[in-house]
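The values are calculated or read from the model by the stated rules, or taken from the named source; none is laboratory data. Remember, it's a predicted structure, so these values are computed and weren't measured experimentally. Here the Cβ is made from the backbone with ideal geometry for all residues, glycine too, and neighbour counts use every protein chain on show. Areas reflect the complete protein model, heavy atoms only, side chains present, ligands, DNA and RNA absent. Shrake-Rupley method; radii C 1.70, N 1.55, O 1.52, S 1.80 Å.
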Amino acid sequence: MDVVYTGEHLFVGNLGYFFVSLSFGAAIFAFIAYLIATITHEASWKKLGRIGFFAHLTGVVGILVVLGCLISHHYYEYFYVWDHSSNSLPAAYMLACFWEGQEGSFLLWTFWHVVLGSILVWKAKDWESPVMAVIVLAQVMLSAMLLGLDLWGDEMKELGMNPFRLLRTEMEAPIFNQANYLTKLTDGTGLNPLLQNYWNVIHPPVLFLGFALTIVPFAYIMAGLFTKNNTGWVKAVMPWTAVTVGVLGLGILMGGAWAYEALSFGGFWAWDPVENAVLVPWLVAAAGLHTLVIFKNTGKALLSAMLMLAAAFILILYSTFLTRSGILGDTSVHSFTDLGLSGQLLLFLLMFVVLFAIALLVGYKHIPRPKTEDALTSRELWMLVGSIVLIVSAFQVIFSTSIPVLNKVIGFFVSNFNMAPPTNPVAHYNRFQIPFAILVALLTAGGQYFKYRKSPDKVWKKLLTGFLISLPIAVIFILGAQVYDALLLVLLIASVFTIVGNVQMLLPYFKSGKWRFGGASIAHIGIGLIFIGALISNGKRQVVSRNNAGIDFGENYTDEEKVVNVMLPKGKPIPMGGYLITYLTDSFVEPNHYYKVEYKKLDAETGKTVDRFFLYPKAQISEQMGLASDPSILRNFGWDLYTHVTSVPTGEEKGEWEDAENYTVSIGDTLKYRDMEFIVRMINLSPPIPEAYKEVKDSLYATTLEMSFFKDGKEYNISPYFIISGSKLFRPAAYNDDLGLRAFFVNINRDTKDFEIALALKNDPSPDYIIMKAMVFPMINLLWLGCILLFIGSIMAAYRRVLELKSKP
Amino acid sequence: MKKSGIIALLVIAVAVAIMIATFSDTSSYVTFKTATDNPGVEFHVVGKLLLDKPQDYNPEKDPNYFTFYMTDSTQNEMKIIFHDAKPTDIERSEKVVVIGKALNDSEFEASKILQKCPSKYKNEQVVAAENAEPQ
């Protein structure tokens, strides 16, 4: 059956696929050329490698441009465009369409590799050939994810997923028997409502840059091992590693801020597998950075640094496999599905693990390993211990996150092996991570007082002084935030000590104007602030929406934490957490429902309003996602009031309806119903199909009658539907919440061209309600400030290392 | 003994401790029978919502009390009690995972509910587009 389709824009897609092929082919070519250049040291091969790389670059940029073109022109014949965008999508979110899909996020990753590769071609000098060989090999693997080649004659087992595949080849539906199907397919399914947030526009590019950056130290290490030059790269890798730690950290921070601001997780961190998967490489990369600094200053611990930095890249690959292979299945609130690339991802991971193992075998003999004991008062000893604590902490996180992988691996030998993750993940991770955090904080503080190799004897006295300065400051926090849990108390003291120790370290630099040496100290102060902010805001988080309506809930409610929702009937003030709160109105602006909630603080004696503000928690209600709730946050200097809607009544559940009154109307009529006037405007023969009827399989004809109601000088539109599907007739009611009115069709009289409609008002004027959760996060701003300092400090440290590169050739 | 040796031993000890502690912290996917045989122990149960049985959510009385009925993979049925707001559109979930413990032989108290949404949704939209009037 050959249908000649009309209206498709096939040329653009073919051009896109040409770029896909170019990027893949050129990457293979560049890999071979750079590999030979590494072995033969011939400049001509290196030149060929460059040509290959720039052809690859052209391919990647070409794919991006073509895909952007398809999305902005709404070419819905392409699956990717149909699946991830829609006509109503604001322009800013068009950008987010790029990385909503699997293919797009690989494209973003590939793009950053290309950018980093270009810098390396320009700057890496003698190291270019071996380093670029590693990078273009990764590009071969990543480009293959976009190929969509049917190598095994099985549609389900294609090599890669072509972002330019057509909707009609992706899905089977009778609509594709029609040559003009595009005239009916006029809109896409749009971007997932949870992802329509500005964080989703800026967060993925930063995070993927962090992902991409981990390959640079890895590539240098591989290059060093194969060329048996294991020390020559250290200086060049220092700034790259510092930037990796800074950018990946910033990416994690943005993810946390997004979760806090836009998703109703009830916090900035939930130990969800997706979060863990990026935290772990960051912890390992941070450990690697510190160990590399040890090597640079003392000539020791090079092997450890190499293993850690390589592990950071391998863990990025492992995390990608975890989150995109569907293996996490039921363990996360995120719905992970296997998108068909799990085999390729596993191959990508295993290939680099094996290559690194081979490289280590080849170059192991040439790694300098001085056999000297570290003095107890040497900085390098405590830095190494700190790095190891980070590694162990990362191991704990990735081990627990990998439970589904363990199930698969152990299940291979033991049948019916199926562990479920801990029922309370937050408690599980905190149990381990709080002690690790204490160790990290103490080492970050104490390490500052020691000198490399051996410190003068007065070091213990200085250390003690620093600790004694920290104590009174810690006491202020402890009393202010009322932290009485023993472990948290210790962590708080240790974190204050971290800040004090690093401020002491920083002051001389500022006095002498050598501020650029202060990067590490600033980053460490950031870590201290992050610990304090996290432990106080989470440890002392208060649920203020406790049910205080004076109803006895019975003995089932001993666990107070569970009683966290409050019901707000429309217009009725409810006391909550020192405020009198009232749910005033809801409004609907496609695609969000906004619930306007008034907060009033009354003076206890005079009863006067001392504080009054509004919060607008919003929610999208879709068939796909259920209720996707966006929090509304009142930001204060010392604390945030965080509210989100947890449940709303849907359509029919709202109140009792009076008996309906029937009217016979025709177009242009002006009539009166109770205290309202209404005009019958027109009949619409092609209205949008209501969600609920989209599942109906039979042919479907929908009509609406568009009417305007006037009350108190305001106009309200209401349009009841008349739907014929096969032999069935549907007359779904249309509602207007502001009027408390519903209208539905009774009949259409074809002869007289008039319509019989029924109108009804709600009995109870305000049966509408929302169920809301409200929490106070104290001192969360310390956390954000800490994250920003961590980023600034890392970038300053990188800048310092770049200057070192230039000053001493 | 050298410091590096001590550190290495400590790291191995902590790593082993972590693995053991993690295994002891894990829950398991079970049927309602196992849950009722071990009342008070927390489990994961995967199953289906029973739509023909009543769901009870009366927020005016108590916004933190929602009950429904569910069957597990062996078609055993239990009443689920959830001390939180009713998850919006839970009726549409193809599959639900409840995490919690059995209170008695007929009631299960869930502390968390994971919903798995229908996956065929997108195909239906193509079909619906086909049925719409040409514009």
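Quick one: which of A:R750, A:R742 is closer than 30 Å to A:G571 by Cβ and either out of contact with any helix residue (DSSP H, G or I) (no Cβ under 8 Å at 6 or more places or on another chain) or at pLDDT 75 or above (or both)?
A:R742
If a residue must be part of a helix (DSSP H, G or I) and open to solvent by 70 Å² or more (accessible area, probe 1.4 Å), how many such residues does the stretch A:448-464 contain?
Step one: of the stretch A:448-464, the residues part of a helix (DSSP H, G or I) are A:448-449, A:459-464.
Keeping just the survivors that are open to solvent by 70 Å² or more (accessible area, probe 1.4 Å) gives A:460-462, A:464.
Of the residues in the stretch A:448-464, 4 are part of a helix (DSSP H, G or I) and open to solvent by 70 Å² or more (accessible area, probe 1.4 Å).
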Please specify each residue of the stretch A:593-617 satisfying the condition of being in contact (Cβ under 8 Å) with a residue 60 or more places away in the chain and within 26 Å of A:S88 (Cα to Cα). A:Y595, A:P617
Under the condition of being in contact with a helix residue (DSSP H, G or I) (Cβ under 7 Å, 6 or more places away or on another chain) and within 14 Å of another protein chain (Cβ to nearest Cβ), which residue from the stretch A:627-643 is modelled with the lowest pLDDT? A:A628
If A:N407 meets every condition in (1) in contact with a strand residue (DSSP E or B) (Cβ under 8 Å, 6 or more places away or on another chain); (2) not acidic (D, E); (3) not in a helix (DSSP H, G or I) apart from one, which number is that one? (3)
Residue satisfying condition, being under 23 Å from A:N538 (Cα atoms) and facing chain B (nearest Cβ under 10 Å), within set A:F395, A:F399, A:F436: A:F436
Would you point out the residue of the stretch A:662-672, among those that are part of a strand (DSSP E or B) and within 20 Å of A:N749 (Cβ to Cβ), that is least open to solvent (accessible area, probe 1.4 Å)? A:V665
Flagged in the stretch B:14-38 as small (G, A, S) and open to solvent by 60 Å² or more (accessible area, probe 1.4 Å), in numbering order, are B:S24
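For the subset of the stretch A:708-722 comprising residues that are assigned to a loop (DSSP other than H, G, I, E, B) and of a type outside the set (S, T, N, Q), which member is surrounded by the most Cβ atoms within 10 Å (Cβ to Cβ)?
Restricting attention to the stretch A:708-722, the residues satisfying the condition of being assigned to a loop (DSSP other than H, G, I, E, B) are A:712-713, A:719-720.
Now drop any that are not of a type outside the set (S, T, N, Q), which leaves A:712-713, A:720.
Values: A:D712: 6, A:G713: 5, A:P720: 23.
Taking the candidates together, the pick is A:P720.
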Among A:Y5, A:Y75, the single one that is at pLDDT below 95 and touching a Gly at 6+ places or on another chain (Cβ under 9 Å) is A:Y75
Does B:V41 qualify as being open to solvent by 40 Å² or more (accessible area, probe 1.4 Å) and within 8 Å of chain A (Cβ to nearest Cβ)? no
Identify, please: which residue in the stretch A:162-187 is open to solvent by less than 20 Å² (accessible area, probe 1.4 Å) and outside any loop (DSSP other than H, G, I, E, B) and is, among those, nearest to the other protein chains (Cβ to nearest Cβ)? A:I175
If B:K101 passes every condition in (1) within 11 Å of chain A (Cβ to nearest Cβ); (2) part of a strand (DSSP E or B); (3) open to solvent by less than 30 Å² (accessible area, probe 1.4 Å) but one, which one does it miss? (3)
Any residue in the stretch A:448-475 that's within 16 Å of A:L376 (Cβ to Cβ): show its pairings with residues that are open to solvent by 80 Å² or more (accessible area, probe 1.4 Å) at Cβ separation under 8 Å, as long as the two are six or more apart or on different chains. A:Y449/A:K462; A:V459/A:K451
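Looking at A:I51, A:I36, which one is in a helix (DSSP H, G or I), β-branched (V, I, T) and surrounded by 15 or more Cβ atoms within 10 Å (Cβ to Cβ)? Walk me through it before giving the result.
Working: A:I51 fails: surrounded by 15 or more Cβ atoms within 10 Å (Cβ to Cβ).
Going through A:I51, A:I36 in turn, just one is in a helix (DSSP H, G or I), β-branched (V, I, T) and surrounded by 15 or more Cβ atoms within 10 Å (Cβ to Cβ): A:I36.
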